Structure formats: C-alpha cells, structure tokens
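Have a look at the structure below before the remarks.
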Amino acid sequence: MAEKLVLAYSGGLDTSVAIRWLQEKYNVDVITLTADLGNLDDMDEIKQRALDTKAIAAEVRDGRDEFLKDFVWPALQANALYQGVYPLATALGRPLIAKMLVEVARLHGATMVAHGCTGKGNDQVRLDVGIASLAPDLKVLAPAREWGMTRDEEIAYAQKNDISVFNANKQFSTDENLWGRSIEAGPLENPWSEPPEEAYLWTKAVADTPDASEYTEIDFDQGLPIAIDGTKLDPIQIVNLISERAGNHGIGRIDHIEDRLVGIKSREVYEAPAAAVLIPAHQALEAMTLTREQLRFKEHVSRDYADLTYNGLWYSSHRNDLQAYIKSTQTHVSGTVRVKLYKAKATVVGVRSPNALYQHDLATYGDGDLFDQSASPGFIHLWGLPNRVQAQIQGNSDQS
Ligand code: ARG
C-alpha cells in the first residue's frame, strides 16, 4: 500500500500540478487539505478540482473562527506590525494551516505532508518550522521548491496530465484571509512603478470613496473587539463589517519594501482594511488605560512578537512567554473607541473607558482642577538634582 501524504491545497495551478507530481515522483496517495481562513474562493469547487486531479480524499476545513480567535486576536492585542506596517495576515495564517495539516495527517495515518511554497519566500519557513514544531516525525515536502518548473512548464505539465488550468495567467501572486490580502509579483516587482489599480480588490481608490465621512464605534473587552456601534457581534462579523466599511473609504492599502527572512528585499503590497482600523483603535484604548511604562515596554515586546510571527516561530516557547505578558497587559483595556473613516484614513476621534487612567480633574486647565501645582517645584528640584550636581562639579553638558 502506498504511503499517504497530505498536501495543503489552494486549488491554483501550483498545487494542482503538485498533486500529480507527488503521485508520480514519490508514489504516494495524496489527500488534500484546503483551509478556509476567509479566502474568497468557492470551497466546493476547489474540493472537486482536487478529486478530479486524483487526490484520494479532499478535506476542506473552515478555520475562520479559530484563525481570528487564536491567531489574529492575540496579534491584535500585541499591535503586531512587521517592519511597522504589515499586519501579518499571511504570516498568521500559516501556523494554522500547519496545525491543520498535522491534524489531517493524523486522521488519515499519513507519514508526509506537503505544501506549494517556493524556496524564495517566508511561507516555506512558516510551514516547515510550524510542522516540525507540532509533529517532528512528519516528513515535509515542498514540490515547487524541488521541481524547478517555470510557470510555462507547469502549464504544459498540467495540460499533458489533464489538470484543469485555472487562473494561470493572473497578473499577481496573491494570498487572502480575513485579516488581509497579500499581493506580489508581476508589475509590482518594479518598485518605481505605482501598483496598478487592479492589484486592489478590497479597497477603493481615494477618487472613488464617499465624500462624506463615516463613524464607527468599537467596543473592546480586555483588548478584544466585541461590538460595533453598540451591537455585539462575533469575531468573523466584526472583521467583515469593519473590512467592508474601511475598504469602501479606501483605508488599508500598504505598499512597502519588505525584508524577507531569507534575505531578499521585496516589494509587497497589502490590503488590510480591518487591521488598519482595529490596530489604531486598540492602541488608542491602550494609551488611555496603560501606564507609560507598560506602553513603552509593550512596544518593544510587540516588535519582537511581529518578527517571530513573520519568521515562522509562532509555535515557540518564546512566543508563549511574550503572549503571557501581552495578555496580562490587557486586563483593563476595555472601553469604546470612535473612529472616523474618510478618504483612505482611519482617525481615532474619541476614546472612553471605565478604566481610563486619564482623569479630567488632573488634566484640566478649567474649573475643578485637582492637580496640586505647588507640588511641582519640589518634584522638579529632585528630578533635576543629578544634573545640577554634575554641572557644579564637572561643568555644564552643553555641547552645541
Ligand atoms: N510577504 C508576505 C509575507 O511574507 C506575503 C506573502 C504572500 N504569500 C504568497 N504565497 N503569495 O507574509
């Protein structure tokens, strides 16, 4: 009996070719796994395509809720942005796909798993390392990394083997889930040229956005969004609703030069309208409810957290440790944030929280001021004491 292999299957050309290639080269029975993380494709159609390509079984798993609760929400509490801009949609999806591959491999008694990543990107690292962390006994194959076929050769291989060629001449390489859309390749490889409008599917061009602003009120409980405009919603509804509203105002386009783990600089374009609203809203509520020391230290943790997520180390004790710290910071991060959506920009215009450390009677310049200004000179005297002593003994430190 042939050994079994579970292949992460998107339904595209690469992974369809991979089904047949793995059968031929490794003489294995292929089971496909398609993870629905909010990717827009028709899952039934993908399943049928896998079976038509002679997979012995085709599993489709709805991972949307798990994706948001176990991957995106923790990253939101961390305000995780790789290189300060990328909300990590693709990077957060991979560890869940790795987990599902392992689950399906166990279910079918497979000894191998495979994915369609090439050898140039981050996704291969995330999947290989993710699987190794969860199931070190499973062998991982990456056919596209091995076969060295060009796109035209893949198409020829598909035609020869009666594999339906689907989406073969699309301009861009894309990856989608609820948290965002990653767009690469084609015309984007020239960093001097502006991304063509067709690159974007979820966000309007500014010229097409409404001339009236729109306000959205987001309720957070312990750092997680739970309601929009006063209506309690589940995570999928929240992300979809915000994504749709923000996208309509052209919010959430990202275009930057990114440093991949394998050392390549690449031009990456993203649409992440929900993240472009939720992360700043969450940060604004943190500014209101955390101390300056918490905010400062958390910023550092957040950068490490984003890096390790990007670099494929989601399943690591370091991530668990950082997560524990982040979770602890969120205890009082509850309240409501009001965001104005207008012309490609999400602006936080109001924050309120029962746990706010902002106290009007301390901050006000008006009536009811409780701040004791007479305490300031003594405080400043001691604060400046080391400088005063140093100036007296060593001369002043003015180097200008
Ligand atoms: N640069 C992004 C990342 O590393 C996007 C990768 C997109 N992946 C893809 N298979 N098209 O997370």
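The values are calculated or read from the model by the stated rules, or taken from the named source; none is laboratory data. Since the structure is predicted, the reported quantities are computational estimates derived from the model, not experimental observations. No Cβ is skipped: glycine too gets one built from the backbone with ideal geometry, and neighbour counts run over all protein chains shown.
Has region 96-114 got any residue that is in contact with a Pro (Cβ under 9 Å, 6 or more places away or on another chain) and at negative phi?
Within region 96-114, one or more residues are in contact with a Pro (Cβ under 9 Å, 6 or more places away or on another chain) and at negative phi.
May I ask you to say which residue of L51, L92, L138 is hydrophobic (A, V, I, L, M, F, W, C) and in contact (Cβ under 8 Å) with a residue 40 or more places away in the chain?
L92
Being under 21 Å from R94 (Cβ atoms), exposed (fewer than 12 other Cβ atoms within 10 Å of the Cβ) and either more than 16 Å from the ligand (Cβ to nearest atom) or polar (S, T, N, Q) (or both): is that true of N320 here?
Yes: the conditions hold for N320.
When you go through (1) closer than 25 Å to E146 by Cβ; (2) more than 16 Å from the ligand (Cβ to nearest atom); (3) aliphatic (A, V, I, L, M); (4) in contact with a helix residue (DSSP H, G or I) (Cβ under 9 Å, 6 or more places away or on another chain) one by one for I97, which number turns out not to apply?
(2)
Confirm whether A89 is within 12 Å of the ligand (Cβ to nearest atom) and closer than 19 Å to L224 by Cβ.
In short, yes.
Can you report the number of residues in region 241-257 which are closer than 20 Å to F71 by Cβ and either within 16 Å of the ligand (Cβ to nearest atom) or out of contact with any strand residue (DSSP E or B) (no Cβ under 8 Å at 6 or more places or on another chain) (or both)?
3
Can you list the strands (runs of 3 or more DSSP E) found entirely within region 131-240 that contain at least 3 residues being surrounded by 14 or more Cβ atoms within 10 Å (Cβ to Cβ), within 16 Å of the ligand (Cβ to nearest atom) and not acidic (D, E)?
173-177, 180-184
If a residue must be within 18 Å of N320 (Cβ to Cβ), surrounded by 23 or more Cβ atoms within 10 Å (Cβ to Cβ) and either free of Cβ contacts under 8 Å to residues at least 24 places away in the same chain or more than 15 Å from the ligand (Cβ to nearest atom) (or both), how many such residues does region 58-73 contain?
Residues that pass the stated criteria total 0.
For region 243-270, what are the residues that are touching a Pro at 6+ places or on another chain (Cβ under 7 Å) and surrounded by 22 or more Cβ atoms within 10 Å (Cβ to Cβ)?
Hits for region 243-270 are S243, A246, G247, H249, I251, G252.
Given the condition surrounded by 14 or more Cβ atoms within 10 Å (Cβ to Cβ), at pLDDT 95 or above and part of a helix (DSSP H, G or I), answer yes or no: does some residue in region 345-354 qualify?
Within region 345-354, none of the residues are surrounded by 14 or more Cβ atoms within 10 Å (Cβ to Cβ), at pLDDT 95 or above and part of a helix (DSSP H, G or I).
For region 243-291, how many residues are β-branched (V, I, T) and touching a helix residue (DSSP H, G or I) at 6+ places or on another chain (Cβ under 6 Å)?
3
Which of (1) crowded, with 18+ Cβ neighbours inside 10 Å; (2) within 16 Å of the ligand (Cβ to nearest atom); (3) not acidic (D, E) is the odd one out, the single condition L308 does not satisfy?
Condition (1) is where L308 drops out.
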